[in-house]
């Protein structure tokens, strides 16, 4: 679920992995995944893992997804430095190179990159 407003939190997307598998959360519990995208130097980048968890839990409570912070039985923060493509002025020129390379390798880009087969 996309979260469009910063008034709810810095997270821009949440998902519920336990909707797809009962192996991702203990019996009687659910797993919630919150994604926060940021660049080095953004204020959120300087938050500790504990502060990030508090921030997300607070927002999920305001959204009515969690009844209270005490409902959380486990939390984990994983920072992925290259998780998202950052679109800028060079994306169009470089994405064509990737599409051509993937096509030559027999791969299909479902994103429709220039030079790809879609």
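Once both labels are positioned 7 Å from their Cα atoms along Cα-to-Cβ, the gap between residue 46 and residue 33 label points is 3.0 nm. Counted residue by residue at 0.36 nm each, then reduced by the alpha carbon distance between them, the extension gain from residue 25 to residue 107 reaches 26.1 nm.
Label-to-label distance, residue 65 versus residue 6, with points set 7 angstrom from Cα along the beta-carbon direction: 1.9 nm. The length gained on full extension between residue 76 and residue 16, counted as 0.36 nm times the residue separation minus their Cα-Cα distance, comes to 20.1 nm.
Read-outs throughout are calculated quantities, based only on the coordinates presented, and are distinct from any laboratory measurement. It should be emphasised that the depicted structure is a prediction, and the values quoted were computed from it without experimental measurement. Quick reminder, even Gly has a Cβ in these numbers, built from the backbone with ideal geometry, and neighbours come from all protein chains shown.
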